[in-house]
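The values are calculated or read from the model by the stated rules, or taken from the named source; none is laboratory data. Since the structure is predicted, the reported quantities are computational estimates derived from the model, not experimental observations. Note: ideal-geometry Cβ built from the backbone for every residue, glycine included; neighbour counts use all protein chains shown.
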Amino acid sequence: MRNKPWLLLLFLCVLLASCMGLDRQGQDIERGRELVLNLQCNNCHTPDYEDRAAVPEADWLVGSDVGFYGPSGTVYPKNLRLLVNRISEDEWVALIRGMRQGLPMDTVLLPKAPEQNLRAIYRFVKYLGPKGEPAPQPLPAGETPQTKYIKYPYFH
């Protein structure tokens, strides 16, 4: 009988620690959502996002078949929902840190963002879950895209 109060106390401590972890995870997801909005990730990675109200969050970040066409070829906004569900959080951070210059993503400050922000974005996208199809493969220089495209003059 004497051990039961300790068992109850242990259970309550484990429950409290678990709830604190869930709260932190919820904060990371909310922070990731805010960063995705503030960094305007949806502008390229979510089809038809020009009218924000028309695209529910459940359809965000599925990539696009609208290419960025320039002298070095054509690149397409990746389906981030599929990407984060096949790589680890550490791999995501390394991928973002190593982004090539000269791509349309050069205009965002993502590679220089604090690591906790990169992890929050990863956790938000992971929270959304996998959805959609992979974006088209990049095209080499001189090949005209068969999809819609945006001429990107700064694309080296």
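If you check 55, 75 for being among the aliphatic types (A, V, I, L, M), in contact with a Phe, Trp or Tyr (Cβ under 7 Å, 6 or more places away or on another chain) and without any contact (Cβ under 8 Å) to a residue 40 or more places away in the chain, only one passes: 55. Look at residue 98 and say whether it is surrounded by fewer than 17 Cβ atoms within 10 Å (Cβ to Cβ) and within 25 Å of residue 140 (Cβ to Cβ). It is true that residue 98 is surrounded by fewer than 17 Cβ atoms within 10 Å (Cβ to Cβ) and within 25 Å of residue 140 (Cβ to Cβ).
For every residue, the table says whether it meets (1) more than 10 Å from the chain's Cα centre (by Cα); (2) among the acidic types (Asp, Glu); (3) surrounded by fewer than 21 Cβ atoms within 10 Å (Cβ to Cβ).
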| site | (1), (2), (3) |
| --- | --- |
| 33 | no, no, yes |
| 41 | no, no, no |
| 49 | yes, no, yes |
| 66 | yes, no, yes |
| 70 | yes, no, yes |
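On inspection, residue 1 does not qualify as hydrophobic (A, V, I, L, M, F, W, C), under 28 Å from residue 144 (Cα atoms) and either part of a loop (DSSP other than H, G, I, E, B) or modelled with pLDDT of 90 or more (or both).
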